[in-house]
1. Over what distance in Å are the Cα centres of the stretch 358-384 and the stretch 34-85 separated?
2. Given the pairs K35/K351; K309/K432; K59/K142, which are separated by over 21 angstrom at their Cα positions?
3. Specify, per residue and in Å³, the volume enclosed by the convex hull of the alpha carbon atoms belonging to the stretch 99-140.
4. Please report the spacing between the Cα centers of the stretch 125-153 and the stretch 181-246 in Å, no decimals.
5. Give the cross-link partners of K340 among the aspartates and glutamates, using a straight C-alpha distance below 12 Å as the criterion and excluding same-chain residues fewer than 8 apart.
6. So in the chain, what percent of DSSP beta bridges are antiparallel if you round to the nearest 5?
7. What is the magnitude of the charge dipole of the stretch 370-421 about its Cα centre, with +1 placed on the Cβ of each Lys and Arg, -1 on the Cβ of each Asp and Glu, and no other charges, expressed in debye to the nearest 20?
8. Under the 0.36 nm per residue contour assumption, what length would be gained going from the current alpha-carbon distance of N181 and S118 to full extension?
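The values are calculated or read from the model by the stated rules, or taken from the named source; none is laboratory data. No experiment lies behind these values; they were computed from the predicted model shown. Glycine gets a Cβ as well: all are built from the backbone with ideal geometry, and neighbour counts include every protein chain shown. Remember, those area values only see protein heavy atoms, side chains included, never the ligands or the DNA or RNA. Shrake-Rupley method; radii C 1.70, N 1.55, O 1.52, S 1.80 Å.
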Amino acid sequence: MAGLPVLLLATLCLASGTLARKGFGPGEQEWGHVKVRPDGNMFWWLYYTTANVSSYYEKPLIIWLQGGPGGSSTSFGNFEELGPLDVNLTPRNYSWVKDYNVLFIDNPVGTGFSYTTSILGYTTTNAQIANDLLQCMRGFLKALPRFANVPIYITTESYGGKMGAEFALVWYKAQKAGTINSNLRGVALGDAWISPIDSVMTWAPFLLATGMVDTAGYNKIQDAAQKTQTAVKAGDWLTSTTLWGYTENVIAKVTNNVDFYNILTKIKSGRMSYSLAGKFGPKPSLYNENSIGTQDDVELGNLMNGPVKKALGLSVKHNEQANKVFDMLRTDFMRPVIDKVELLLNQTDLKVVVLTGQLDLIVDTPGTLQWVEKMKWKNAAAWLNSSRLPLTSNGIVEGYVKSYSNFSVYWVNRAGHMVPKDNPAAMAQILKKLTT
């Protein structure tokens, strides 16, 4: 009788079509590396849903792509935003794993537990990133083939949205061509770096309207932003990336270090808050958690390179190569991918969702609306003329949504750049609508 529980577990696993492993934290998991190119190895980490189901495959698979580029999905997205445990290893009330199978991918190569064995393994364009992700999914589905019939949705944040838009497009084309056996259904672009210059050019008006700067501060920010715009119009992408960083530094100075993630975050006087420019500046320290400076970031780095690395049996040091990831993409960083979203809407039947947190500065709501409302797609006029409806949870208005056909835009209240963390109730409703 002592062996019965093990036998029952094995029987349940076989019924579900998988022999899941015990990874780190609660629930059953699976993980591995995929060689996406001769020098590039991408890491994925799957959490099977903890929902009360007879088979894992009754629930959709949701992929999470972090931003940066160079932010780790398996660390930041997992422990800071939506995984079963937070960075203090406390169970998260709103974990996505309670309702869905969740796949974290460390992307691009060099991020998190993904790694390259030579300089050739790093990506330099968004197209390369998308192709690497497609190869990663081919490897994932080869390892776990029963997910081929499960509805799959890509969810993203920040630069992850830029990567995710093109990834969804190349995946859809491959799916239609029969070169990958899968069931991709949609993509959600969260506070997404789709049109960088639209964000930059709305920073000054947004900060003035919210009382974060006076007219003098507005003028200083706007002057830097216009220099960035001039470089973008000239197609000087390397200079535009440098000027973007300069513009963020101007903002930090005139606002006494407003938090770029959430403008309402309380900041101690004289303390440098988080900013992208701080990480990606002339000498980027990027997503090396131990270099960022906050206690939470240090704890996250120690967690990944300590207990997590040991539990998963990995030899790769987490984020050891992350600094180089952004550096190799500097000439691609400010390029827009509005055209890729237009192609998703014009040439596919995928659900396309855009969501924006009202308190985000990095990819502010005014900038998001600028590129969304100027897109050229077949139902653009119908979407613009659609009603904006409240998004509610337990009778509380958590935001607003405007939808037409397969396209939806969500305005999320009381949320900054990290919507799943700041307003998990709203995010739960968005996921429900996306996957229904």
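1. What the calculation gives is 28 Å, centre to centre.
2. Exceeds cut-off: K35/K351; K309/K432.
3. Cα convex hull per residue, to the nearest whole number: 87 Å³.
4. The stretch 125-153 and the stretch 181-246 have Cα centres spaced 30 Å from each other.
5. E166
6. Roughly 55 percent of the beta bridges in the chain run antiparallel, per DSSP.
7. The calculation lands at about 140 debye.
8. Full extension from N181 to S118 adds 19.6 nm.
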